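The values are calculated or read from the model by the stated rules, or taken from the named source; none is laboratory data. All values reported here derive from a predicted model rather than from experimental measurement. Reconstructed Cβ throughout: ideal geometry from the backbone, glycine too, with neighbour counts over all protein chains shown.
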Amino acid sequence: MHLRQNGVAPGSQDLRGFIIISIYKELGGADIASIEFEGPEIAVYVKNPKFILENEEKIKALARKLRKRVVVRTHPDARKDKEYTKRFILENAPDDVTVEGFIFDDVLGEVRVLTNKPGKLVGKGKWFANKVLAETGWRLVSFRSPPPPFSSKMILHVFTWVENKEKAKERRRALKEAGERIFRDTVSSTRYVRIIGLGGFGEVGRSAILLDTGESKVLLDAGAAPDALGDNMYPHFNVPEFLIDQLDAIVVTHAHMDHIGMIPLLFKYGFRGPVYATPPTRDLMYLMLQDFIKVSSEQMGYAPYSRKEIETMFSRVITVDYGVVTDVAPDVKLTFYNAGHILGSAMAHLHIGQGKHNVLYTGDIKYYRIKGDRAIRMLSPAHTQFQRVETIIMESTYGATEQQPRHEAEEELIRTINEVYKRRGKVLIPVMAVGRAQEILLMLSKAVEEGRIPQDMPIYIDGLIFETTAIHTAYPEWLAPPVKNSILRDEKNPFAPPNLVPVHDRSKRQEAIWSNEPAIVLATSGMMTGGPIREYFKYLAEDPRNALVFVSYQAQGTLGRRIKDGEREIQVEDDGKIRVLKINLEVKAIEGFSGHASRSELLYFLKHLTPKPRTVILNHGEPAALASLYKAITGRWERLGFPSQPEVLVPENLDAIKVYPRTLRLR
Ligand code: ZN
């Protein structure tokens, strides 16, 4: 075996052997039961759990040397019985820690514990987690149990697939297959880097990008169009470059339907590779996809895939935290960074061909100036510091439009609510289940607390919002510091004002619609393409005392967009009959709440981005937004801090762009 200077073996056949030998040499073979290539991780199974604790530093050093993710797990035979482990945790946990549930993950050797004090349970320097590992062989992972009115049951529900015995077998097999594929014997090294737009180019919706290196193929997002039927609902999966059995991995930036909606469809057509996502994205996806098939079967009478495909997909999901470098193909390393858009949202950084080329795909981003910011923020702004970026694929939703400052938007919403209250009407706010729903709840909670909106005005939440909000409180570490502190330190629920009323059944919905009292209603879907919002709208639209307030982007072709653009008569179905609905309520759009960066924030993001890319590819925008942002960047590149004029491209769906190598130079 000959090694290159950086300690990485040349061929992958050699690579696997090299890794195994290195591990035996460095960690001492006696305690090692087996070494498995499990997805992007090299899993070392040991019989003695204490070995893991005693060799922590050595394991870290080894991972650095190999530049691979090395995890050490106890061999299943060395793990204590689950009942014993539960008892051990309950009896030995620090006094003021309450444990509300356990989920055992046999595949990863983890016990997920739902608790009111996640940090305290793990302990300073992980002392308690280490004690549990040494005694039981299980690795303790703690989750914040959601404060009332949310319940731990909801979180345990999204983890149910973890405990499914049948699925555990499939997950184990999936990890091995993915591991074999990632550490495969490569035919050729990276020959080129091509970016192929399958969806979301020149438009907003059905985001999907195929990254092709000649050696491997990675799909970045696979979304559904927000309001299109037939062929336009799907990304262009029929291009010749896109063959499901050649696909190495799917990388998911965040849990919005226009980025995840069509992943289960790929499983329906035979994809069995890994799907990479952050842990909150995984949990939100689980809820969103199930809700999607439920809502589309109810409203359209059919869904493009079933629960079975969602379950199959979930046996292949591999989670990756922000900042962790992960091999997803022999020549592609993925790192997620905070995108500031929704909980768990990530930008995907792809390091290709041992550094031949680096691509940053932003997904959807939010960026803002922290200094002097007076707004209530749920998430920190997108990350801007990287080691290398040669090509950026950047969203352009608001490329042509400015948004009012966030704190002004907050004022405007509060003013509107008070006006509607005075005329005894109802405020209807369409929101996606994830993102704006929580930001608005956060803001309303504070306003109620400060007495700026009436306490006796119930805030109804309908649709998936109740469940998705619960997931937000389970991941406090992923939220902006003030929100995180109020959950962890002050043990408050910043998303639950005292007048919150979750709608779980028809009777509560009827109450929200027909009561004579003023009220606020937050309901899905965010663009009024389906979901309970349509029900509310149907009965509340004709009363001028009410108001419909848009707080997020309305894509072309959706009902929300049509109303926002001025349509005042629409057809609705009532008991099987079509009638014309006159829209008499006040219609208002407050742009400042968007989870997308405004035009100036997009430019500000580019200005702060280090290093500066050579190529800027604009996607996820309507033609006017793309054109305007294109002009701004090409006209102001010096002011944005680019050392030389960047190449700015605005491809359409089905276009392929080769970003590496570049041989032809015209300038
Ligand atoms: Zn999004």
inquiry  = Residue under question is residue 530, and the condition is that it be more than 16 Å from the ligand (Cβ to nearest atom), touching a residue at least 60 places away in the same chain (Cβ under 8 Å), within 22 Å of the chain's Cα centre (by Cα) and not assigned by TED's automatic domain parsing to the domain that holds residue 152; does it hold?
reply    = yes
Quick count over the range 409-425, residues being touching a helix residue (DSSP H, G or I) at 6+ places or on another chain (Cβ under 6 Å) and either without any contact (Cβ under 8 Å) to a residue 40 or more places away in the chain or not small (Gly, Ala, Ser) (or both), is 2
Filtering the range 95-112 down to residues that are closer than 19 Å to residue 168 by Cβ and outside any loop (DSSP other than H, G, I, E, B) yields 101, 102, 103, 104, 105, 110, 111, 112
Quick count over the range 320-345, residues being buried (at least 22 other Cβ atoms within 10 Å of the Cβ) and within 16 Å of the ligand (Cβ to nearest atom), is 8
Taking the range 622-667 and keeping residues of a type in the set (Phe, Trp, Tyr) and assigned to a helix (DSSP H, G or I) leaves 630
Filtering the range 251-269 down to residues that are within 10 Å of the ligand (Cβ to nearest atom) and part of a loop (DSSP other than H, G, I, E, B) yields 253, 254, 255, 256
Counting only residues in the range 65-113 that are farther than 13 Å from residue 134 by Cα and aromatic (Phe, Trp, Tyr), the one farthest from the chain's Cα centre (by Cα) is identified as 84
Scanning the range 355-379 residue by residue, the ones that are away from the ligand (no atom under 16 Å from the Cβ) and either hydrophobic (A, V, I, L, M, F, W, C) or free of Cβ contacts under 8 Å to residues at least 40 places away in the same chain (or both) total 11
Within the range 283-292, is even one residue away from the ligand (no atom under 16 Å from the Cβ), free of Cβ contacts under 8 Å to residues at least 40 places away in the same chain and under 18 Å from residue 524 (Cβ atoms)?
yes
Within the range 254-301, residues under 17 Å from residue 326 (Cα atoms) and touching a Leu at 6+ places or on another chain (Cβ under 7 Å) come out as 273, 276
Picked from the range 229-246 (must be among the hydrophobic types (A, V, I, L, M, F, W, C) and either assigned to a helix (DSSP H, G or I) or surrounded by 19 or more Cβ atoms within 10 Å (Cβ to Cβ) (or both)), the residue nearest to the ligand (Cβ to nearest atom) is 233
Wholly inside the range 127-187, helices (runs of 4 or more DSSP H) that include 1 or more residues that are under 24 Å from the mean Cα position of the chain (by Cα) are 152-158, 160-163, 165-182
Next on the checklist: Would you confirm whether or not the range 593-612 contains a residue that is part of a helix (DSSP H, G or I) and farther than 25 Å from residue 195 by Cβ?
Outcome noted: yes
All conditions in (1) over 22 Å from residue 216 (Cβ atoms); (2) at pLDDT 95 or above are true of residue 232 except (2)
Every listed condition ((1) part of a strand (DSSP E or B); (2) within 29 Å of the chain's Cα centre (by Cα)) holds for residue 34 save (2)
task = Please work out if residue 92 is more than 20 Å from residue 39 (Cα to Cα), of a type outside the set (Gly, Ala, Ser) and touching a Ser or Thr at 6+ places or on another chain (Cβ under 6 Å).
result = no
By residue number, the members of the range 615-638 that are in contact with a Lys or Arg (Cβ under 8 Å, 6 or more places away or on another chain) and not small (Gly, Ala, Ser) are 629
Across the range 67-107, the tally of residues that are surrounded by 15 or more Cβ atoms within 10 Å (Cβ to Cβ), of a type in the set (A, V, I, L, M, F, W, C) and out of contact with any Leu (no Cβ under 9 Å at 6 or more places or on another chain) stands at 3
message: Checking the structure you have, find out if any residue of the range 190-199 is under 25 Å from the mean Cα position of the chain (by Cα) and within 15 Å of the ligand (Cβ to nearest atom).
response: yes
| query | What do you reckon, is residue 388 in contact with a helix residue (DSSP H, G or I) (Cβ under 8 Å, 6 or more places away or on another chain) and away from the ligand (no atom under 16 Å from the Cβ)? | reply | no
